[in-house]
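Chemist: My structure is below; once you've seen it, I'll send some questions.
The values are calculated or read from the model by the stated rules, or taken from the named source; none is laboratory data. Bear in mind the structure is a predicted one, so any value in this text is a computation, not a measurement. Positions of Cβ are backbone-derived with ideal geometry, glycine not excepted, and every protein chain shown enters the neighbour counts.
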Amino acid sequence: MRIERLDIRRYGVLNDVELLTDAPVTLFYGPNEAGKSTVLGFIRDVLFGFPRGGSAERMTAPGEGGQGGAITLVDEQGRRYRVERWERPSGGRGRGPAAGSVRVTFPDGTTGGERELAALLGGITPELFRSLFAFGLTELQELGTLQSGEVGSFLYSAGLGASGSVIRGADKKLAQELEQLYRPRGRTPLMNRALQELAAAEAELAQSRGRAERYNALEAEVNRLAAEQETLELELDKLQREADWLARCIRAQPHWLRREELRRELAELPETLDAFPADALPRMEAALAERDRLTIELDRVALALSDLKESLRTAEAEAEAEGAVLARRAALEALLDRLPAYEEAKRTQAESEAEEEQLGLELERMLRRIHRAWTPDHLDRLPSTVMLREEASAFREEWRVWRQNESLLEAEAERLRNESGAEELEPTGGGSGAEVWDGEGDGRGSMLEDGPGRSRSIDGAQAKERLTLEDDHASVEEGLDRIRTARRLFHEWREALREVRFEAEREQDREKLSRLEAQAGPEKARSGSSGVPLYVLYGATLLLPAALAALQQTAAAIAALAVLLAASAAWTLARRRAAQSRSDRGLRPYAGGAGPAAAAPALVALREQAAAREAALAAELRRLARYAAQPPAAGLAAAAAEPAAPAGRALPLPAEDIEPWLDALERQLRARQARHAGRLAAAERLAALRARRERHAQAGEPLRRRWRAWLQAQALPADASAEAALELLQLAEAAQQQLQRLRRQAARCEALRGTAAGFAAEAAALLGEAAGREPGPALKAWQAARDRQLARQEQLARDGRQHAELSRQSALLSQQFERTAAKRQELLDTAGADGEEALRRLHRQYFRRQELLGELRQDELAIRTLVGEAGMKPLDERLASVTGGELEEERARLSEQRDALRERLEACREAKSRKRFEIERLTEGGDHADKLQQAEERRTELRRLMKRWAVVSMCGTLFAQTKRLYEHEKQPSVMQRASRYFEKMTSGRFMRMIAPLGEQRVLAERANGELLDASALSRGTAEQMYLCIRFALADEYAASGVRLPLVIDDLFVNFDDERLGYGMELLHMVAEGRQLLLFTCHKHVLDAYVSRFSAASVQYLSRKT
């Protein structure tokens, strides 16, 4: 799988960038910030999704769909796959997946998503791709990126059948147990503590022994038994060692027999195989293939020479037949070079003429839009449109201010009309107030034309309205005067009625008095003093409260005043009712007739005066009825309608209703008077407003005249408004530009016509009159004939050169054939073979010998592991003299002897124990026995620990030897391949790389066998080791079917010149199996790359601003 094309639409600093990467190796060279790391991040993110939370490469402003692009992939069969990924779905609506929206387009046109892309990439995870296939300098310097479970299985599995962690844990456990058992000069390990405790116990035991004779005899017997026990133990130990040796011999016997068989087979192989070249057979096959190839090439060259000679003869004959075609070749070729310009001029001429016509029509339309009478001359005479637009804008601003003031005056007039009542102040000219005060006309030029006429109509209406208001105001004042007169007449009539009543009462009193005087004196006295008590009561009402108040008895004074006032009022009302009743009984109403004939002259005069006042009041009330908007009684309205009422007729209203009716009528007239005053004030304000409007109209008249004069000066329509004038000026400016384009186009057409005519004349002079009419076909016909002649000449020259080249190739191939035969013979002599079949046979024997030597080393290692280096010779002697059955018989015999010795040893120990028990009884107390027991327990514990230490130490030694063997000879295939790469890159300074068994690290082995950890290497060497491991891992994945491109950023930044050269050679090897995409900003890396790869595979990136 390789990357053919990168389409970066929006990603980081790159926008709309297309990169072709179809070469096996491509180097992207550019300065910092040119986008190299951005391209690397783009490949990662498009193939495996955008990381959550964003990345350092993504720094662009989002657009529709966000950032993203496409990558075109090509597999080994040449099938193309297009992978597109965008941060958001196309259209920008909704939220896409966190990794972006991906679409995979297959060669047959079908599409897929993430699942199909994962299958296409072989199931590689994003982390593995980032650490192995697309990595930069940071990932290259870290071994931890190669320690994932998937990659670690290729690096750290040495084939022992157990996981690395188990092996490492076992080794660590053995070391820890040895440390716990014994450490030189240590105090805390178990054996060290046991030795210390044993020494202390023996010192205490020596101090507690007695000196008894029995004790000495027993002690001597115990010593003898101890010596015998020691002798038996030595014999038993010797037998045990012999049994152990025999057991090892038995276990080593299969390996020994296999080794002997391998030695015999090796002895049967020829001795000359040591000098046999390991690559003899590949070299021989290469030489044979080269010989076959050279034979085929020689035959091909001979056949090509024969065909070429025949072709030369035919071409020479045809060239002689058309020799006159090349006459005047230089002039015709110059003319032919100008033919495209001529044809382009003809085509441009037709287009220019059509465009000229179109520009003329467009100019004519624009002039008609300005004014029907406008011509191009008007445009030429038109001054600067910028100044004209400024003047028109100034006029527009003046009109705007004038209209704004007009609107303010109209608003003020409307407000005044609303205040004074629209129905009463409405003008009578047939239109509404808004129409009368409207200062705007329908046309563009009628801004101030009708102002004076409307003002005159308003003056007449306002004068008439003012006269009406003044007449109404006089009527209201007259009505108020009449109301005051009616009130005065009403009060005088009421007063006359009271006088008539009082006079009638006095008349009755006089009649009673005269009758009573005739009767008796006492009655006369009582009747004469009947008013005295009332006056006495009035006096008491005034004096008594005053006296109480003087005595500072306020409450009593108030109470007395209230009581006396009530009594006085009640008495007074009673007397008046009595007088009224008497009057009613003794008098007739004055309205009903002339009264009794015997009435007194004073009473008659008062009644006549009251009747006259009543007639005057009735007449005044009838006149007032005309001022009332709604008379309160129908009788009053009828009386008001009559011209005069009879003198003796009663009042039109009851007496008690007259005064309320007068009050109501006065309120109505007062309200009308207030309204009239408001209307008069509004009329005055309207008059002032009218004067302002007239002044405003007069102020706009000069503006109108200046505007019309300006329009006439610019030849613009007389009825154009300021806004329309601005639009017409803008259109005139566009027409000027259109006129300039038209004139330029006309000049261009004329130039093109002259160019075409000159070219046609030259063609006619060179090729004839017919060529002058149609220069193009004539020149093309001559060109075809010239090309044929030149092609023949070129063919002749090329055939000549090819003939010489083929002759030279034939000679070179003959020389190479001879050298190949010499190399073949030299290889046969070096290998000691007399032919190709003999060489193949020796090659098989050589590799068989290598296999036998490998197996022999394994068997010898197994034997050394079992018996050690010192036991190799005794083992050879022993196994050479016996068979497998004899060894088994001897092991059985040794087992019997060992059992007998054990029985004797147990008997000796038992006897010694009995003697010691007897010694213990002889010793005083139990302290000596306890010490003996403790010392023996310490010895027993020490012996047990020593046996355990020996077993663990032997296991550790065997484990370490086996581990070293497998680390050197059973490394994984990935590490073996990486070791070959590393040896080539370091020119043999490091022989291999080793992954220690059970450890997650890699060691580098120098040529002298020294092992170094990666931390002990220089930065450049460590990076070279990690690079070789990645190349080997990529080969391992390729073997399993996953062949992805390697994308590497700043690979050789820490390489010296020598390692850089070796690195380029290694890249050349790696590029044979996969595609490489390299990024760098270093000039020396570019130079080293160009020296070994094609310069055409370098793509240069520039810094993004």
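Chemist: In segment 5-42, which residues are touching a residue at least 60 places away in the same chain (Cβ under 8 Å), of a type in the set (Val, Ile, Thr) and crowded, with 20+ Cβ neighbours inside 10 Å?
Modeler: Ile8, Thr21, Val25, Thr26, Val39
Chemist: Of these, Glu1065, Glu1023, Glu1010, which one is of a type in the set (D, E, K, R), touching a residue at least 40 places away in the same chain (Cβ under 8 Å) and loosely packed, with under 15 Cβ neighbours inside 10 Å? It would help to see each step written out before you state the result.
Modeler: Values: Glu1023 fails: loosely packed, with under 15 Cβ neighbours inside 10 Å; Glu1010 fails: touching a residue at least 40 places away in the same chain (Cβ under 8 Å).
That would be Glu1065, the only listed residue that is of a type in the set (D, E, K, R), touching a residue at least 40 places away in the same chain (Cβ under 8 Å) and loosely packed, with under 15 Cβ neighbours inside 10 Å.
To keep it simple, each residue is scored yes or no on (1) within 29 Å of Leu958 (Cα to Cα); (2) in contact with a Gly (Cβ under 8 Å, 6 or more places away or on another chain); (3) outside any helix (DSSP H, G or I); (4) charged (D, E, K, R).
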| position | (1), (2), (3), (4) |
| --- | --- |
| Asp829 | no, no, no, yes |
| Asp834 | no, no, yes, yes |
| Ala838 | no, no, no, no |
| Arg844 | no, no, no, yes |
| Gln850 | yes, no, no, no |
| Leu856 | yes, no, no, no |
| Arg878 | yes, no, no, yes |
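Chemist: Right, something else. Please find, within segment 977-1003, the residue that is surrounded by the most Cβ atoms within 10 Å (Cβ to Cβ) out of those that are touching a Lys or Arg at 6+ places or on another chain (Cβ under 8 Å) and at pLDDT 80 or above.
Modeler: By that ranking, first place goes to Phe982.
Chemist: A further question on this structure: Kindly establish whether Gln971 is out of contact with any Gly (no Cβ under 7 Å at 6 or more places or on another chain), surrounded by 14 or more Cβ atoms within 10 Å (Cβ to Cβ) and modelled with pLDDT of 80 or more. Write out each step before concluding.
Modeler: Values: out of contact with any Gly (no Cβ under 7 Å at 6 or more places or on another chain): yes; surrounded by 14 or more Cβ atoms within 10 Å (Cβ to Cβ): yes; modelled with pLDDT of 80 or more: no.
The answer is no for Gln971.
Chemist: Return a yes/no flag: does segment 693-701 have any residue that is assigned by TED's automatic domain parsing to the domain that holds Glu414 and in contact with an Asp or Glu (Cβ under 6 Å, 6 or more places away or on another chain).
Modeler: Keep residues of segment 693-701 that are assigned by TED's automatic domain parsing to the domain that holds Glu414, which gives 693-701.
Okay, now just the ones that are also in contact with an Asp or Glu (Cβ under 6 Å, 6 or more places away or on another chain), so none.
No, segment 693-701 contains no residue that is assigned by TED's automatic domain parsing to the domain that holds Glu414 and in contact with an Asp or Glu (Cβ under 6 Å, 6 or more places away or on another chain).
Chemist: Within segment 194-211, is even one residue at pLDDT below 80, out of contact with any Gly (no Cβ under 7 Å at 6 or more places or on another chain) and of a type in the set (S, T, N, Q)?
Modeler: Yes.
Chemist: For segment 267-288, enumerate the residues that are touching a Ser or Thr at 6+ places or on another chain (Cβ under 9 Å), part of a helix (DSSP H, G or I), under 15 Å from Gln850 (Cβ atoms) and modelled with pLDDT of 80 or more.
Modeler: The one that is touching a Ser or Thr at 6+ places or on another chain (Cβ under 9 Å), part of a helix (DSSP H, G or I), under 15 Å from Gln850 (Cβ atoms) and modelled with pLDDT of 80 or more: Ala280.
Chemist: Next up: Can you work out which of the residues in segment 358-400 that are among the hydrophobic types (A, V, I, L, M, F, W, C), more than 30 Å from Ala699 (Cα to Cα) and under 55 Å from the mean Cα position of the chain (by Cα) is surrounded by the fewest Cβ atoms within 10 Å (Cβ to Cβ)?
Modeler: Leu361
Chemist: Where residues in segment 856-889 are among the basic types (Lys, Arg) and surrounded by fewer than 17 Cβ atoms within 10 Å (Cβ to Cβ), which of them is nearest to Gln961 (Cα to Cα)? Explain how you work it out, then say what you get.
Modeler: As a first pass, look at segment 856-889 and keep what is among the basic types (Lys, Arg): 857, 864, 873, 878.
Adding the requirement that they be surrounded by fewer than 17 Cβ atoms within 10 Å (Cβ to Cβ) leaves 857, 873.
Details: Arg857: 14, Lys873: 20 Å.
The residue in question is Arg857.
Chemist: Let me ask something else. Given the options Ala784, Ala725, Ala765, name the one that is surrounded by 15 or more Cβ atoms within 10 Å (Cβ to Cβ) and of a type in the set (Gly, Ala, Ser). It would help to see each step written out before you state the result.
Modeler: On the way: Ala784 fails: surrounded by 15 or more Cβ atoms within 10 Å (Cβ to Cβ); Ala765 fails: surrounded by 15 or more Cβ atoms within 10 Å (Cβ to Cβ).
When all the criteria are applied, what remains is Ala725.
Chemist: In this structure, does Ala747 turn out to be surrounded by fewer than 16 Cβ atoms within 10 Å (Cβ to Cβ) and in a helix (DSSP H, G or I)?
Modeler: Working: surrounded by fewer than 16 Cβ atoms within 10 Å (Cβ to Cβ): yes; in a helix (DSSP H, G or I): yes.
Judged against the criteria, Ala747 is a match.
Chemist: Given the criterion surrounded by 14 or more Cβ atoms within 10 Å (Cβ to Cβ) and modelled with pLDDT under 70, identify the matching residue among Ala599, Ala549, Ala619.
Modeler: Working: Ala549 fails: modelled with pLDDT under 70; Ala619 fails: modelled with pLDDT under 70.
Answer to the check: Ala599.
Chemist: Could you list, in sequence order, all residues of segment 123-155 that are modelled with pLDDT under 55 and assigned to a loop (DSSP other than H, G, I, E, B)?
Modeler: Hits for segment 123-155 are Gln147, Ser148.
Chemist: Restricted to segment 168-208, and to residues that are of a type outside the set (Phe, Trp, Tyr) and part of a loop (DSSP other than H, G, I, E, B), which residue is surrounded by the most Cβ atoms within 10 Å (Cβ to Cβ)?
Modeler: Step one: list which residues in segment 168-208 are of a type outside the set (Phe, Trp, Tyr), which gives 168-181, 183-208.
When the remaining residues are screened for being part of a loop (DSSP other than H, G, I, E, B), the result is 183-189, 208.
Numbers: Arg183: 13, Pro184: 6, Arg185: 5, Gly186: 11, Arg187: 8, Thr188: 9, Pro189: 18, Ser208: 15.
Of everything passing the filter in segment 168-208, Pro189 is surrounded by the most Cβ atoms within 10 Å (Cβ to Cβ).
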